[in-house]
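Chemist: My questions will all concern the structure given below.
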Amino acid sequence: MTTAPAGAVRVAVPEDASSIADAHVRGWLTAYRGLVPDSILAGFSVERRTSQWRDRLAARTLDDPVRTWVVESDGGHVLGFADTGPGRDESAPPPDGAGEVYAIYLAPEARGHGQGRALFARAIADLRERGFDPIVVWVFEANPAGRRFYEAAGFHTDGARSPIDFDGTTVDEIRYRLG
């Protein structure tokens, strides 16, 4: 069993890129198989994502409004990440002053042990500390586990929705809101 102590959430650094990429890719493959076409999932690559994450994290400055958080096991291994910043959606503009959790993914074996909740709580607290209100997150409507996760954290749907086209397969996202 993988467990994380309460303080195991921290800001990501470029050296975390491969672990973030691994959680990102395996998280997608686990959560969205059967929802997103296999042809899309087959295009996911840990190597390509590692390069993207390394570049993204290396380009961040202390005053960058976008932050990436990681949660570690008690042995220091990165188990997942959350990416946050100002609300950014153009298809359904967020309320003024909104912050957004752009993504949160855990390695599949880390699910159900509290790391995701600790990671999410820290990401939300940071957005609040920086003055963002409300906080929004988008989730696939047909993702009951994701929806339960956000609802358990006090989020509720706010009526905004956005279709995403994956090579001819449309998957609807709905927006959840806290505050």
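The values are calculated or read from the model by the stated rules, or taken from the named source; none is laboratory data. From a predicted model like this one, the values you see are computed outputs, not experimental measurements. Positions of Cβ are backbone-derived with ideal geometry, glycine not excepted, and every protein chain shown enters the neighbour counts.
Chemist: List every residue pair whose Cβ atoms lie under 8 Å apart, where the two residues are 6 or more positions apart in sequence or sit on different chains, the first residue falls within segment 153-179 and is over 22 Å from I124 (Cβ atoms), and the second residue, located anywhere, is aromatic (F, W, Y) and modelled with pLDDT of 95 or more.
Modeler: Listed by first residue and then by second, the contacts come to V171/F140; D172/F140.
Chemist: Of everything in segment 119-145 that's surrounded by fewer than 17 Cβ atoms within 10 Å (Cβ to Cβ) and among the small types (G, A, S), which residue is farthest from R49 (Cα to Cα)?
Modeler: Here the answer is G131.
Chemist: So G116 ticks every box in (1) loosely packed, with under 14 Cβ neighbours inside 10 Å; (2) under 24 Å from R60 (Cα atoms); (3) modelled with pLDDT under 95; (4) among the small types (G, A, S) but one. Which box is left unticked?
Modeler: It fails just one condition, (1).
Chemist: Okay, moving on. Quick one: in segment 57-82, of everything that is part of a helix (DSSP H, G or I) and in contact (Cβ under 8 Å) with a residue 12 or more places away in the chain, which residue is surrounded by the most Cβ atoms within 10 Å (Cβ to Cβ)?
Modeler: Selected residue: L57.
Chemist: Please enumerate the residues belonging to segment 133-159 that are among the hydrophobic types (A, V, I, L, M, F, W, C), farther than 15 Å from Y102 by Cβ and in a strand (DSSP E or B).
Modeler: Across segment 133-159, there are no qualifying residues.
Chemist: Which of (1) within 19 Å of W138 (Cα to Cα); (2) out of contact with any helix residue (DSSP H, G or I) (no Cβ under 8 Å at 6 or more places or on another chain) does D55 not meet, given it meets every other one?
Modeler: Of the numbered conditions (1) within 19 Å of W138 (Cα to Cα); (2) out of contact with any helix residue (DSSP H, G or I) (no Cβ under 8 Å at 6 or more places or on another chain), the odd one out for D55 is (1).
Chemist: Would you check which residues across segment 35-56 are touching a strand residue (DSSP E or B) at 6+ places or on another chain (Cβ under 9 Å) and either buried (at least 17 other Cβ atoms within 10 Å of the Cβ) or in a helix (DSSP H, G or I) (or both) and list them?
Modeler: V36, S39, I40, L41, W53, R56, listed by residue number.
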